[in-house]
Amino acid sequence: FFLIQELLRVMRTIDDRIVHELNTTIPTASFVGKIDAGQTCKELYESLMDAHTSRERIIKNCIAQTSSIVKTLREEREKAQDNIALLKQLRKEQTKLKLMQSELNVEEVVNDRSWKVLS
């Protein structure tokens, strides 16, 4: 999970730097004729959209994989209720699943903030 969190942190760089990106890509009055602000803004929008889509896909894939593992471990636990190691593994995977699901909420907050700034 921590590797996924680190990957998401790196992937969220565009969101973390959205104000800087806007300040450096949208021209001031003295540069209006030299830079196409509409095109620049469109490119920033598309980059942001791609980043959000990629992160959401990664998070949802991880949730799906972990859910599958949890389901399998639950089924095994039903058959061997006295297996303490299995119970520990199940709880570990359930915790990982909850953390990944919470990442979707974090992603929603990050995305909303970026879209508000871009708007």
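Figures for the structure shown
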| item | result |
| --- | --- |
| Karplus-derived 3J(HN,Hα), 6.51/-1.76/1.60, for each residue of region 82-96, Hz, glycine and proline x | 8, 7, 5, 4, 5, 4, 4, 4, 4, 5, 4, 5, 5, 5, 4 |
| Cα-projected label distance for Ala85 with Ser47, points at 7 Å along beta-carbon direction, nm | 5.0 |
| Residue-by-residue Karplus 3J(HN,Hα) for region 60-72, coefficients 6.51, -1.76, 1.60, Hz, glycine and proline x | 5, 5, 5, 4, 4, 5, 5, 4, 5, 5, 4, 4, 4 |
| Spatially near lysine pairs across region 1-118, Cα under 30 Å, sequence gap of 8 or more or different chains | 23 |
| The chain - mean residue ellipticity at 222 nm from DSSP helices (-39,500 (n - 2.57) per run, n ≥ 4, rounded to 500) | -29000 deg cm²/dmol |
| Cα-based helix-to-principal-axis angle, 2-11 vs the chain, degrees rounded to 10 | 10 |
| Residue-by-residue Karplus 3J(HN,Hα) for region 46-57, coefficients 6.51, -1.76, 1.60, Hz, glycine and proline x | 5, 4, 5, 4, 4, 4, 5, 5, 4, 5, 4, 5 |
| Point-to-point label distance, Ser102-Asn23, nm (Cα→Cβ direction, 7 Å offset) | 3.2 |
| Surface per residue (accessible, 1.4 Å probe) for the chain, Å² | 69 |
| Taking only Cα atoms of the chain, radius of gyration then Dmax in Å | 20.8, 74 |
| Selected from Ile69, Ile84, Ile59 as most flexible by GNM, with the chain as the system and alpha-carbon contacts under 10 Å | Ile84 |
| Accessible surface of the chain [probe 1.4 Å, protein heavy atoms]: carbon and sulfur percent | 55 |
| Sparsely packed trypsin sites (Lys or Arg not before Pro) within region 41-119, loop by DSSP, other Cβ within 10 Å at most 11 | none |
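The values are calculated or read from the model by the stated rules, or taken from the named source; none is laboratory data. These numbers were taken from a predicted model, which means no experiment stands behind them. Cβ sites come from the backbone with ideal geometry, for glycine too, and all protein chains shown count toward neighbours. These area figures cover heavy atoms from the full protein model, side chains too; ligands, DNA and RNA do not enter into them. Shrake-Rupley method; radii C 1.70, N 1.55, O 1.52, S 1.80 Å.
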